[in-house]
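Structure record follows, encoded as structure tokens.
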Amino acid sequence: MIFQNITARQNAVPNWAKDMESSKRFLLQAEIEYWHEMLRLNKSRVSKSKETEMRGCLKQAVRALNSNSNMEFRVAA
């Protein structure tokens with residue numbers, strides 16, 4: 001019984017880590033919305049190279065958000 005409690009405490013994720021992960025996800029989602037909206041509004045106004053650069057930023061933010069979901073498991077381990 002004592003060993004189970006020790007193991008449970010060691011495997012528990014601290015609250016600050018959960019809050020930080022939540023904040024990171026929130027910021028990444030906001031960045032994705034920003035780039036998506038910028039592309040939508042400025043598609044006819046920006047050069048092709050700038051549009052490609054903006055799409056790259058959007059893809060990078062999406063990848064970061066998707067890879068961040070795996071970070072929760074790494075923090076818990």
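Values in this text are rule-based calculations from the coordinates and carry no lab data. None of the values given here were measured: they were computed from a predicted structure. Cβ: placed from backbone, ideal geometry, glycine included. Neighbour counts: every protein chain shown.
What does the charge count near residue 28 come to, summing +1 for each Lys or Arg and -1 for each Asp or Glu among other residues with Cβ under 12 Å from its Cβ?
0
Grab the Cα-Cα distance for residue 43 and residue 55, subtract it from 0.36 nm times how many residues apart they are, and report the gain in nm with one decimal.
Once the chain is fully extended between residue 43 and residue 55, it gains 3.2 nm.
Need the list of aspartates and glutamates near residue 18 for cross-linking: C-alpha distance under 12 angstrom, and skip anything on the same chain fewer than eight residues off.
Output for residue 18: 72.
Return the lysines within reach of residue 43: Cα separation strictly under 22 angstrom, same-chain partners fewer than 8 residues apart disregarded; answer none if there are no such residues.
Of all the lysines, those that pass the test against residue 43 - Cα under 22 Å, at least 8 places apart if same chain - are 59.
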